[in-house]
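Engineer: So that we are looking at the same thing, I have put the structure below in structure tokens.
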Amino acid sequence: MRLYHGTSSRHLESIMTSGIRPRGRRKGNWKQFPSRKDMVYLTNAYAPFFAVQSCKKDEKALILELDLARIDESRLYPDEDFIVQAIAQQSGKSIEDVHDGIRDALEDYQQHAMISLEHLGNCSHKGGIPRVAV
């Protein structure tokens, strides 16, 4: 299975040297619903969108193809947005009310990584992704 990571071309040299690293302290793409700083987000559906979102003016979008066989699957987690949407719908609460708690407790939902990928088109990977997987 192949997964993809959308990013900016400004990161290519670093990725080819060190692999894909979580954003850490760098600013994320989503102000209202910030993602986890220790995760790398992967997709089988939206790589072009995520790549464009990560670009600054005059940068090129970069889509990286990843070989799942070279990724430690025990480090895969659902995208918190998948869990948030399900919990909000089931509980009758708003996404705003549940997002931060789910994001912070994502480890409790790890078993839903492949379901997140299947239904939302996204999942996350805790920690960096090795260069050999790119």
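The values are calculated or read from the model by the stated rules, or taken from the named source; none is laboratory data. Not measured: the values here are computed from a predicted model. Cβ: placed from backbone, ideal geometry, glycine included. Neighbour counts: every protein chain shown. Calculation scope for accessible area: heavy atoms of the full protein, side chains included, ligands and nucleic acids excluded. Shrake-Rupley method; radii C 1.70, N 1.55, O 1.52, S 1.80 Å.
Engineer: Looking at the structure I just gave you, is Ile115 touching a residue at least 12 places away in the same chain (Cβ under 8 Å) and either closer than 20 Å to Ser9 by Cα or more than 16 Å from the chain's Cα centre (by Cα) (or both)?
Structural biologist: Spelling it out, it is not the case that Ile115 is touching a residue at least 12 places away in the same chain (Cβ under 8 Å) and either closer than 20 Å to Ser9 by Cα or more than 16 Å from the chain's Cα centre (by Cα) (or both).
Engineer: Same structure, new question: Quick check on this structure: which one of Val40, Val84 is farther than 17 Å from His11 by Cβ, of a type in the set (Val, Ile, Thr) and either open to solvent by 70 Å² or more (accessible area, probe 1.4 Å) or out of contact with any Leu (no Cβ under 7 Å at 6 or more places or on another chain) (or both)?
Structural biologist: Result: Val84 is the single residue among Val40, Val84 that is farther than 17 Å from His11 by Cβ, of a type in the set (Val, Ile, Thr) and either open to solvent by 70 Å² or more (accessible area, probe 1.4 Å) or out of contact with any Leu (no Cβ under 7 Å at 6 or more places or on another chain) (or both).
Engineer: Taking the condition assigned to a helix (DSSP H, G or I), acidic (Asp, Glu) and under 12 Å from the mean Cα position of the chain (by Cα), does Asp81 pass?
Structural biologist: It is true that Asp81 is assigned to a helix (DSSP H, G or I), acidic (Asp, Glu) and under 12 Å from the mean Cα position of the chain (by Cα).
Engineer: I'd like the full set of residues that are open to solvent by less than 10 Å² (accessible area, probe 1.4 Å) and either over 19 Å from Ser35 (Cα atoms) or assigned to a helix (DSSP H, G or I) (or both), limited to region 104-134.
Structural biologist: Across region 104-134, the qualifying residues are Leu106, Ala113, Ser116, Leu117, Ala133.
Engineer: While we're on this one: Looking at (1) closer than 22 Å to Asp100 by Cβ; (2) modelled with pLDDT of 95 or more; (3) assigned to a helix (DSSP H, G or I), find the lone condition where Ile15 falls short.
Structural biologist: Exception for Ile15: condition (1).
Engineer: Right, Val98: over 15 Å from Tyr4 (Cβ atoms) and surrounded by 17 or more Cβ atoms within 10 Å (Cβ to Cβ) or not?
Structural biologist: yes
Engineer: Need pairs with beta-carbon distance below 8 Å; first residue in contact (Cβ under 8 Å) with a residue 60 or more places away in the chain and assigned to a loop (DSSP other than H, G, I, E, B) and within region 38-65, second of a type in the set (A, V, I, L, M) and open to solvent by 80 Å² or more (accessible area, probe 1.4 Å); sequence gap 6+ or separate chains.
Structural biologist: Cβ pairs passing all conditions: Asn44/Met1.
Engineer: Still on this structure: Counting only residues that are open to solvent by 70 Å² or more (accessible area, probe 1.4 Å) and free of Cβ contacts under 8 Å to residues at least 60 places away in the same chain, how many does region 70-81 have?
Structural biologist: Summing the residues that are open to solvent by 70 Å² or more (accessible area, probe 1.4 Å) and free of Cβ contacts under 8 Å to residues at least 60 places away in the same chain in region 70-81 gives 4.
Engineer: Mind checking whether some residue in region 82-90 is without any contact (Cβ under 8 Å) to a residue 12 or more places away in the chain and of a type in the set (A, V, I, L, M, F, W, C)?
Structural biologist: Yes, region 82-90 contains a residue that is without any contact (Cβ under 8 Å) to a residue 12 or more places away in the chain and of a type in the set (A, V, I, L, M, F, W, C).
Engineer: Counting just the residues of region 43-69 that are among the acidic types (Asp, Glu) and in contact with a strand residue (DSSP E or B) (Cβ under 6 Å, 6 or more places away or on another chain), which one comes out least open to solvent (accessible area, probe 1.4 Å)?
Structural biologist: Glu59
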